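Some notes on the structure that comes next.
The values are calculated or read from the model by the stated rules, or taken from the named source; none is laboratory data. Since the model is a prediction, treat every value here as computed from it, not as a measurement. Heads up, the Cβs are rebuilt from the backbone with ideal geometry, glycines too, and the neighbour counts pull from every protein chain shown.
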């Protein structure tokens, strides 16, 4: 039972107020055919809309089966319309872009009925109205009567309690009108049908009850119904219970339904949809083109960065100085000099050079690489996420010498040509033997450190020998960086410890001195050339080419540092590295490692990194062999067995008292030969003479040997018998008298001689000279990054390591690439920000355009909004329909934008390659970026259409239905 209790409704337009309904009360039976008649403006349609929940009453109450609607909210009215009401309109109000079946299904879809069930129910409803054979047709393919039958089928499909018909025959001819009225009369047998009509004849013929309205008031009712009166069968009436508030179900339109409605609508406007999508894609095309060019440039920059980082890794040496600090101090000193203003009344000293020297020597630092290596070896260390493809490379200070025979059979040393001549080269010969092309930053730093600290490089590997960088995982002897940047011009890359390659520069050249050092040219020619150079004469050089076969046939002999010592009869070890005869013997013995030159390599034409210097490249396997060889050598075993005494001379390391020093001084003099004793005596006499016959010893030690340092001034002591030795003739006599004098010398004199002439070194120095290397203590660590950002992150991680490390374990290093290329990152960031600005403008324009297009679509589909609301669709459902439409347009726009960008990249690349003169920079849209742009396009259109879609949802359904 439907009860209309004192309902009033006003419409206000500015100051004008129209009373559409004025305290209307009406009770309707559950199954009757009620016709509402009245002139235009009498309130018929208003009453019908209020009963259908399309319009709201101002006063009164609408009670359906004891349920009050007075406090209903929007969602309650939506459910009421969907589950209780079925609408039949004069203009049919079918959605034109949906099929007949889909139009009928829509009410069920909004009600949340499963697809299979609603499809069956819709077919059955169409069959009931005689349209079972037309389910796949569109509304424009039907006649007016057929479309009205579809509307009736749609009204009945969800089995509503009430069917509301607004002028159902107003647009039909007489014959068709009769058919529709017969159908409605049949429907009214088991439910309430309320029809508004201007045709009193049809009303009187088919309706079971006629209610006439005028000026918003009921004027007559042909069959009134009073639920409190006795029924027709004489039974007593029942008192109606107080109306309660209760919902009548819920509505639920799925996202797929929203998409289907929007997609079908767009299909009916294919041309406009394509143009709209294309317009929406313009912004995406602009962004995509920027991304394409940016991706190409970034790829190129990344490649340059990776190559740059490979050429300039972060290198941490065991002993180093902070170049940045030195430069900063030097700059401060320069500014101090520039700002210094002295009066012209005296001479003022300039101490800037002293301060510069102090800054340099004061910045020398020893790094505990053992502790840092433990940190790097931990897989959990955060620094690993920034390490590049070349990985972390450890270098070890292995010591060895390499010898070969020149074409004339002369034994040649790879570190000075003549065996034992490395310490006697003139400055000119040293300069001639250096090739700046083969010197990298690390080697320059190494030379600077050697000069600053005075550290010994005894038995150091020849300068022309370089270890080949292995792969990051250590599985390949030749790493990818080397293999990618070098080509084998003959032979092959080395694979074993005894295999090496000759490394040329890009022009297939090698320093001339290196060819002499490797025995590929006669040593005699080298000495003649050096004599000319030292004499200042015109130098004649041999620049004749050497074929690859000669190079590959050359045999090299490597002597580890530990094998360059021979144990004497006195049990002490003696260095023989400067003894040509001993070296020749060792080269022919099992002590030497025979090296085979298996290939000749050089950098490729466009090499971005050349980590190998010109000369000879050997493998990490050889380094491991040398480390193991030194560790298991006899001299190392002897030194490890007695760590307090030097195995070279039997003296104590760092004696703690003068008595031990005096005894060591006597033992040292006794170990010297006749010539050396005579030279020492003459040195002492010379020093005594320079001091005016005062007791004292000053001078330089002739005939320096390993383990003995040069003279230092400041040694004094008594020297009896000096005159007699001076007058003696011959080395034998001088040596004999010197022995007598030493035997009777007092302790202070012997201590003075020890301090000046005897240097026992230290256990650590000896082990280093013997070639002992700990794998846990590399001489340097090189950390490779693939980009400047990763390099900066690695530096941050090192800074974090220093924060947690002990003071002695903190790492100091110089970032050379950072000093040289600090501005590159800034430039890249500026370019990125500019591109982002362009992107932001395109996004704003696209969003505004999509908003306008969606608003136009809302205006065009206003009636569809009314239809959806009449069938119970909520405001949110309506909003989703338009959001789905904008989303589809955004999807099309994104796909069109990506496709056009891919096509446009072809001519763009041709232009880039032409003007840049290289094909290394190519515009390409990465797949992830393309997907992201499509998603971005959808999101932007959704945002742009958000306001119009919300406006559509807020439209009054009754007003929307009247829109044409």
Q. Only one of (1) free of Cβ contacts under 8 Å to residues at least 40 places away in the same chain; (2) more than 54 Å from the chain's Cα centre (by Cα) is not met by residue 101, so which one is it?
A. (2)
Q) Just one of the numbered conditions (1) buried (at least 20 other Cβ atoms within 10 Å of the Cβ); (2) closer than 14 Å to residue 398 by Cα is not true of residue 684; which one? A) (2)
**Q.** Test set (1) closer than 28 Å to residue 926 by Cβ; (2) modelled with pLDDT under 80 - residue 267 fails condition number
**A.** (1)
**Q.** Lone qualifier among 773, 751 - being in the same structural domain as residue 684 (by TED's automatic domain parsing) and crowded, with 20+ Cβ neighbours inside 10 Å
**A.** 751
Q. Looking only at the stretch 478-512, which residues are touching a helix residue (DSSP H, G or I) at 6+ places or on another chain (Cβ under 6 Å), crowded, with 21+ Cβ neighbours inside 10 Å and modelled with pLDDT of 90 or more?
A. 502
Q) Is it true that some residue in the stretch 137-144 is in a loop (DSSP other than H, G, I, E, B), outside the structural domain of residue 872 (by TED's automatic domain parsing) and either buried (at least 20 other Cβ atoms within 10 Å of the Cβ) or within 60 Å of the chain's Cα centre (by Cα) (or both)? A) yes
Q. For residue 848, all conditions in the list (1) modelled with pLDDT of 75 or more; (2) crowded, with 21+ Cβ neighbours inside 10 Å; (3) assigned by TED's automatic domain parsing to the domain that holds residue 931 hold save one; what is the number of the exception?
A. (2)
Q: Give the stretch 583-602 a look and list any residue that's exposed (fewer than 13 other Cβ atoms within 10 Å of the Cβ) and part of a strand (DSSP E or B), or say none.
A: 594
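Just to check your reading of the model, which residue among 917, 866, 897 is buried (at least 19 other Cβ atoms within 10 Å of the Cβ), at pLDDT below 85 and either in the same structural domain as residue 289 (by TED's automatic domain parsing) or under 31 Å from the mean Cα position of the chain (by Cα) (or both)? Outline the logic, then answer.
Details: 917 fails: buried (at least 19 other Cβ atoms within 10 Å of the Cβ); 897 fails: at pLDDT below 85.
Sole residue among the options that is buried (at least 19 other Cβ atoms within 10 Å of the Cβ), at pLDDT below 85 and either in the same structural domain as residue 289 (by TED's automatic domain parsing) or under 31 Å from the mean Cα position of the chain (by Cα) (or both): 866.
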Q) What is the residue count in the stretch 530-582 for residues that are in contact (Cβ under 8 Å) with a residue 40 or more places away in the chain, surrounded by 11 or more Cβ atoms within 10 Å (Cβ to Cβ) and over 20 Å from residue 597 (Cβ atoms)? A) 17
Q: Sort through 670, 663, 607, 630 and tell me the only one that's touching a helix residue (DSSP H, G or I) at 6+ places or on another chain (Cβ under 9 Å), assigned to a helix (DSSP H, G or I) and at pLDDT below 85.
A: 670
Q) Which residues, taken from the stretch 920-944, are modelled with pLDDT under 85 and in a loop (DSSP other than H, G, I, E, B)? A) 920, 921
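Here's the yes/no breakdown for (1) touching a residue at least 40 places away in the same chain (Cβ under 8 Å); (2) assigned to a loop (DSSP other than H, G, I, E, B):
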{"position": "45", "(1), (2)": "yes, no"}
{"position": "53", "(1), (2)": "no, yes"}
{"position": "60", "(1), (2)": "yes, no"}
{"position": "78", "(1), (2)": "yes, no"}
{"position": "83", "(1), (2)": "yes, no"}
{"position": "96", "(1), (2)": "yes, yes"}
{"position": "108", "(1), (2)": "yes, no"}
{"position": "122", "(1), (2)": "no, no"}
Q. When you look at residue 164, is it crowded, with 18+ Cβ neighbours inside 10 Å and either modelled with pLDDT of 90 or more or under 60 Å from the mean Cα position of the chain (by Cα) (or both), yes or no?
A. yes
Q.
Quick check on the stretch 112-129. Is at least one of its residues farther than 17 Å from residue 187 by Cβ and surrounded by 21 or more Cβ atoms within 10 Å (Cβ to Cβ)?
A. yes
Q) Quick one: residue 312 ticks every box in (1) at pLDDT 70 or above; (2) farther than 27 Å from residue 813 by Cβ bar one, so which box is it? A) (2)
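Restricting to the stretch 40-54, count the residues that are out of contact with any strand residue (DSSP E or B) (no Cβ under 7 Å at 6 or more places or on another chain) and surrounded by fewer than 23 Cβ atoms within 10 Å (Cβ to Cβ). Lay out the reasoning, then the answer.
Start the filter on the stretch 40-54 by keeping residues that are out of contact with any strand residue (DSSP E or B) (no Cβ under 7 Å at 6 or more places or on another chain), which leaves 40-41, 49, 54.
Next, from what is left, pick out any that are surrounded by fewer than 23 Cβ atoms within 10 Å (Cβ to Cβ): 40-41.
Number of matching residues: 2.
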Q | Output for the stretch 189-214, where each listed residue is surrounded by fewer than 23 Cβ atoms within 10 Å (Cβ to Cβ) and part of a loop (DSSP other than H, G, I, E, B) | A | 189, 190, 191, 198, 199, 208
Q. Of all residues in the stretch 705-739 being closer than 30 Å to residue 647 by Cβ and part of a helix (DSSP H, G or I), which is modelled with the lowest pLDDT?
A. 731
Q: Report the residue count in the stretch 837-879 for those that are over 23 Å from residue 105 (Cα atoms) and out of contact with any helix residue (DSSP H, G or I) (no Cβ under 8 Å at 6 or more places or on another chain).
A: 7
Q: Look at the stretch 926-955 and say how many of its residues are over 27 Å from residue 885 (Cβ atoms) and either in contact with a helix residue (DSSP H, G or I) (Cβ under 7 Å, 6 or more places away or on another chain) or surrounded by 15 or more Cβ atoms within 10 Å (Cβ to Cβ) (or both).
A: 1
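Being surrounded by fewer than 17 Cβ atoms within 10 Å (Cβ to Cβ), touching a residue at least 12 places away in the same chain (Cβ under 8 Å), in contact with a helix residue (DSSP H, G or I) (Cβ under 7 Å, 6 or more places away or on another chain) and more than 30 Å from residue 136 (Cα to Cα) is the requirement here; does residue 30 meet it? Give the steps one after another, and end with the answer.
Working: surrounded by fewer than 17 Cβ atoms within 10 Å (Cβ to Cβ): yes; touching a residue at least 12 places away in the same chain (Cβ under 8 Å): yes; in contact with a helix residue (DSSP H, G or I) (Cβ under 7 Å, 6 or more places away or on another chain): no; more than 30 Å from residue 136 (Cα to Cα): yes.
Spelling it out, it is not the case that residue 30 is surrounded by fewer than 17 Cβ atoms within 10 Å (Cβ to Cβ), touching a residue at least 12 places away in the same chain (Cβ under 8 Å), in contact with a helix residue (DSSP H, G or I) (Cβ under 7 Å, 6 or more places away or on another chain) and more than 30 Å from residue 136 (Cα to Cα).
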